[in-house]
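Chemist: Before I ask anything, let me first share the structure, which is written out below as structure tokens.
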Amino acid sequence: MEMNLLIAYIGIAIMVGLSGIGSAYGVTIAGNASIGALKKNDSAFGNFLVLTALPGTQGLYGFAGYFMFQSIFGVLTPEITAIQACAVLGSGIGLGLVALFSAIRQGQVCANGIAAIGQGHNVFGNTLILAVFPELYAIVALAATFLMGSALA
């Protein structure tokens, strides 16, 4: 039924859109901190680059969720049932929101580490470790999306 497919694609749009927005905000937060820190310590650009890119992974998780429903589970077809469409919508909302907020918060953690490195503190490794915590929840949301998709196939 076409309405079911529409509902599923709304879920996909939420999933990809919110995760991408979160990543855009997260990398911008860290990138802004990098610009400021480069004024004080331009030799740490490599560290700043890694920490700035880290919040971008949540956007990839949103795309991975779409890829799973499209290619692995193959449910995004005109024959999709109402239950399958609602599962895709629920997965989209769940992964989208978790990725949105975890990317923003990860960007803030990275920005603080970047500022500290810019001031001469050796906290790159510590910052990476602490930045993994918000990332973990995005990975859990992607795993939940996979499990929901597996239940549909």
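Chemist: Just give me the residues in the range 100-150 being open to solvent by 40 Å² or more (accessible area, probe 1.4 Å) and polar (S, T, N, Q), in sequence order.
Modeler: Residues satisfying the conditions are Q108, N112, Q119, N122, N126, S150.
Chemist: A further question follows. Give me the pairs: first residue in the range 1-15 and open to solvent by 40 Å² or more (accessible area, probe 1.4 Å), second residue at pLDDT 95 or above, beta-carbon distance under 6 Å, and six or more apart or on different chains, which are they?
Modeler: Hits for this filter: I7/A85; I7/L89; I14/G92; I14/I93; I14/G96.
Chemist: Only residues that are modelled with pLDDT of 95 or more and in a loop (DSSP other than H, G, I, E, B): list them for the range 121-153, please.
Modeler: H121, N122, V123
Chemist: Report every pair of residues separated by at least 6 positions or lying on different chains whose Cβ atoms are under 9 Å apart, first residue within the range 94-107 and free of Cβ contacts under 8 Å to residues at least 24 places away in the same chain, second open to solvent by less than 10 Å² (accessible area, probe 1.4 Å) and small (G, A, S).
Modeler: Listed by first residue and then by second, the contacts come to nothing, as the list is empty.
Chemist: How do the pairs read when you match residues in the range 45-65 that are without any contact (Cβ under 8 Å) to a residue 12 or more places away in the chain and farther than 15 Å from Q106 by Cα with residues anywhere that are in a helix (DSSP H, G or I) and of a type in the set (A, V, I, L, M, F, W, C), using Cβ under 7 Å and keeping only pairs 6 or more apart or on different chains?
Modeler: Close Cβ pairs satisfying both conditions: F45/L38.
Chemist: With respect to A82, is the statement that it is within 11 Å of the chain's Cα centre (by Cα), open to solvent by less than 70 Å² (accessible area, probe 1.4 Å) and touching a residue at least 40 places away in the same chain (Cβ under 8 Å) true? Explain how you work it out, then say what you get.
Modeler: Details: within 11 Å of the chain's Cα centre (by Cα): no; open to solvent by less than 70 Å² (accessible area, probe 1.4 Å): yes; touching a residue at least 40 places away in the same chain (Cβ under 8 Å): yes.
Taking the combined requirement at face value, the residue does not satisfy it.
Chemist: Looking only at residues in the range 58-79 that are open to solvent by 70 Å² or more (accessible area, probe 1.4 Å) and under 13 Å from the mean Cα position of the chain (by Cα), which one is farthest from M1 (Cα to Cα)?
Modeler: Among them, the one singled out is L60.
Chemist: So which of A87, A33 is under 19 Å from I139 (Cα atoms), over 14 Å from the mean Cα position of the chain (by Cα) and part of a helix (DSSP H, G or I)?
Modeler: The match here is A87.
The values are calculated or read from the model by the stated rules, or taken from the named source; none is laboratory data. Owing to the predicted nature of the structure, the values given are computational and were not obtained by experimental measurement. All Cβ positions, glycine included, derive from the backbone under ideal geometry; neighbour counts span all protein chains shown. Side chains are part of the model used for accessible areas, which takes the heavy atoms of the whole protein and leaves out ligands, DNA and RNA. Shrake-Rupley method; radii C 1.70, N 1.55, O 1.52, S 1.80 Å.
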